[in-house]
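What follows is a short report on a single structure.
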Amino acid sequence: MPSLKALLRGVLVAAMLVAGSAHAELNIEIIGGGASRHAISVLPFKDEGPTQGNLTPVIRNDLALSGAFRLVDPSAVANVPFEPADVRYPLWQAAGAQSIAIGKVENVAGGQIKISFRLMDVSQHRQLTGGEFTVTPDRSRQVAHAIADMIYEAITGQKGFFNTRLAYVLKSGRSYSLQISDVDGQRSQTILRSTEPIISPSWSPDGRYIAYVSFASQKPVVWVQDLATGQRRAVANFKGSNSAPAWSPDGGKLAVVLTTSGNSQIYLINAAGGSARRLMYNGAIDTEPTFSPDGSMVYFVSDRSGAPQIYRVPVGGGDAQRVTWEGNYNVSPKLAPDGKTLAYIRRSAGNFRVMSQDLATNDTRLLSDGSYSERPSFAPNGRMVLYSSEAGGKSVLYAATADGSSKVKLAVLNGDVQDPAWGPFNNP
């Protein structure tokens with residue numbers, strides 16, 4: 001685990017902006033699971049051949065990785081319905097399914113397909129939700145994520161997150177690339193590649209831009225890149241180190257860490273760049289800022305008490321208030337979307353693990369195991385926490401349920417994952 005100063009070190013690099021698909025692929029492995037998971041069976045849709053495997057397998061995968069569902073094997077039940085009238089409910093009830101998802105795919109004009117689905121409650125013999133989507137076959141994967149979102153919301157009452165995206169840095173040999181992928185790791189794209197480090201990707205609230213730190217100009221500089229056009233601009237390129245960008249909830253400002261005055265201090269700048277306003281004045285190292293969801297506070301890491309701990313300060317400045325009290329090393333704060341829970345990394349007995357803390361009670365919960373985890377990030381509905389951790393001698397992506405009952409390993413095949421960040425609901 002790097003020190004606070006190491007987090008801010010500068011490195012000479014040459015960055016190269018690239019576009020197109022990367023070769024990073026993720027394999028999903030479900031680990032553990034809560035006892036209260038909803039039992040669901042997702043049946044093969046009628047005539048789903050044109051989707052080329054991007055429909056029911058994707059729906060099943062999404063529901064499984066959420067940790068909220070237990071999948072019932074449809075092949076063990078002698079009933080393959082495509083319409084509600086064909087469902088033989090006693091058979092599904094005997095198989096332990098609480099609900100089943102059924103559907104069909106039809107060819108329509110213009111080379112498009114119409115995908116229809118229904119979610120049926122097994123005990124009440126009624127439809128819970130359903131929908132129809134007319135798309136070109138190459139958009140079947142997005143429809144599958146949308147169907148999984150609808151199922152998730154119908155069962156849990158929470159908005160689904162399967163159509164959101166992930167950002168992470170992939171290190172392979174001496175190459176670093178900034179990747180954007182679907183939440184299940186598929187459709188990954190490289191938006192920046194360099195022979196030197198790229199760090200700290202941060203999503204804008206509208207999902208259109210991503211801020212990050214590139215070392216391409218002899219020192220760390222904060223960039224903002226338009227994901228649709230690939231255009232980017234340096235928004236923090238002040239004297240010394242520029243690092244750790246974090247968006248305000250309205251997307252108008254960035255909190256960044258600058259060393260213009262010597263020690264690392266937190267400043268606020270407009271998202272388009274311009275002058276910087278220093279948030280606090282003290283002799284300590286302050287770093288890793290993140291806004292509260294309502295934009296009123298900035299949480300950050302400081303060694304002002306003698307060791308790294310998490311503090312918060314009003315966005316207009318003022319006295320800082322210490323937030324973490326257990327342990328002597330707590331870093332990388334990130335707030336849940338409702339502002340009630342804080343995720344961070346704690347060093348304990350030489351291990352760096354993801355913790356969550358109830359900000360009302362200060363009760364803490366361990367979310368990761370292993371020896372080295374970093375950069376927690378909440379799903380936009382707050383139900384899961386994304387982070388990277390070591391497994392099998394390399395760094396991989398994990399997502400744990402916020403209650404710690406289950407986790408998912410997303411193993412990158414051709415590199416080490418660093419600095420993951422879960423994107424917002426908005427997916428332009």
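A few points about this structure:
- Pairs beyond 28 Å (Cα-Cα), from Lys159/Lys334; Lys340/Lys409; Lys171/Lys407; Lys219/Lys253; Lys114/Lys409: Lys114/Lys409
- Taking every alpha-carbon pair within the range 202-273, the share separated by more than 19 Å comes to 26 percent.
- A compact globular protein would have a Cα radius of gyration near 2.2 N^0.38 Å; the ratio found for the range 60-151 is 1.13.
- P(r) weight above 18 Å for the range 295-428, C-alpha pairs, percent: 54 percent
- Largest-first ellipsoid semi-axes for the chain, taking √(5λ) over the Cα gyration tensor eigenvalues, angstrom: 41, 24, 18
- A simple charge model with +1 on the Cβ of Lys and Arg, -1 on the Cβ of Asp and Glu and nothing else charged puts the dipole of the range 294-428 at about 120 debye relative to its Cα centre.
- Applying 0.36 nm per residue to the separation of Tyr281 and Ser405 and subtracting their alpha-carbon distance, the gain on full extension is 40.5 nm.
- Remark: the range 103-189 carries a charge dipole of roughly 280 debye about the Cα centre, counting +1 on each Lys and Arg Cβ and -1 on each Asp and Glu Cβ.
- Modelled spin labels at Ser371 and Asn237, positioned 7 Å past Cα toward Cβ, are 4.1 nm from each other.
- Given a 1.4 Å probe and the protein chains as shown, Leu367 ends up with an accessible area of around 10 Å².
- Nearest-0.05 FRET efficiency for Gln218 and Lys394, computed from C-beta distance (R0 22 Å): 0.15
- Potential lengthening between Thr134 and Arg174 on full extension [0.36 nm per residue; Cα-Cα distance subtracted]: 10.0 nm
- Quotient of Cα Rg and 2.2 N^0.38 Å for the range 139-289, N being how many residues it contains: 1.19
- Choice from Ala391, Ala255, Ala94 showing the highest fluctuation, given a GNM over the chain with Cα pairs closer than 10 Å: Ala94
- Less than 5 angstrom separates the built amide H of Val72 from those of Ile40, Ser41, Val42, all sequence-distant by 5 or more or on a different chain.
- Dipole axis of the chain (+1 Lys, Arg; -1 Asp, Glu on Cβ), positive-most option in Ala421, Ser188, Thr324: Thr324
- Applying the criteria of a DSSP loop state and at most 13 other Cβ atoms within 10 Å to the chymotrypsin sites (Phe, Trp or Tyr not before Pro) of the range 223-291 yields Tyr281.
- Shape class for the range 352-428, computed from the alpha carbon gyration tensor (a ≥ b ≥ c): oblate, with a/c not under 1.5 and a/b at or below b/c.
- For the range 45-101: rounded, prolate or oblate by the Cα gyration tensor [a/c cutoff 1.5]: oblate
- Stretchable slack from Glu153 to Ala109, in nm (0.36 nm times residue separation minus alpha-carbon distance): 12.7 nm
- Whole-Hz Karplus values for the range 36-43 come out as 9, 5, 7, 8, 9, 10, 9, 7 Hz, taken residue by residue from phi with 6.51 cos²θ - 1.76 cosθ + 1.60 and θ = phi - 60°; glycine and proline positions read x.
- Pair-distance distribution P(r) for the range 162-240, from all Cα-Cα distances in 10 Å bins starting at 0: 18, 53, 25, 4, 0 percent.
- Dipole magnitude of the range 270-313 about its Cα centre (Cβ charges: Lys, Arg +1; Asp, Glu -1), debye to nearest 20: 140 debye
- Projecting the Cα positions of Ala402, Ala146, Gly110 onto the charge dipole of the chain (unit charges on Cβ atoms of Lys, Arg, Asp and Glu, taken about the Cα centre) puts Ala402 furthest along the positive direction.
- Of all accessible heavy-atom area on the range 305-385, the percent that carbon and sulfur account for (1.4 Å): 42 percent
The values are calculated or read from the model by the stated rules, or taken from the named source; none is laboratory data. It should be emphasised that the depicted structure is a prediction, and the values quoted were computed from it without experimental measurement. With ideal geometry, Cβ positions are generated from the backbone for all residues, glycine too; neighbour counts draw on all protein chains shown. Only protein heavy atoms, including side chains, enter the accessible area calculation; ligands, DNA and RNA are left aside. Shrake-Rupley method; radii C 1.70, N 1.55, O 1.52, S 1.80 Å.
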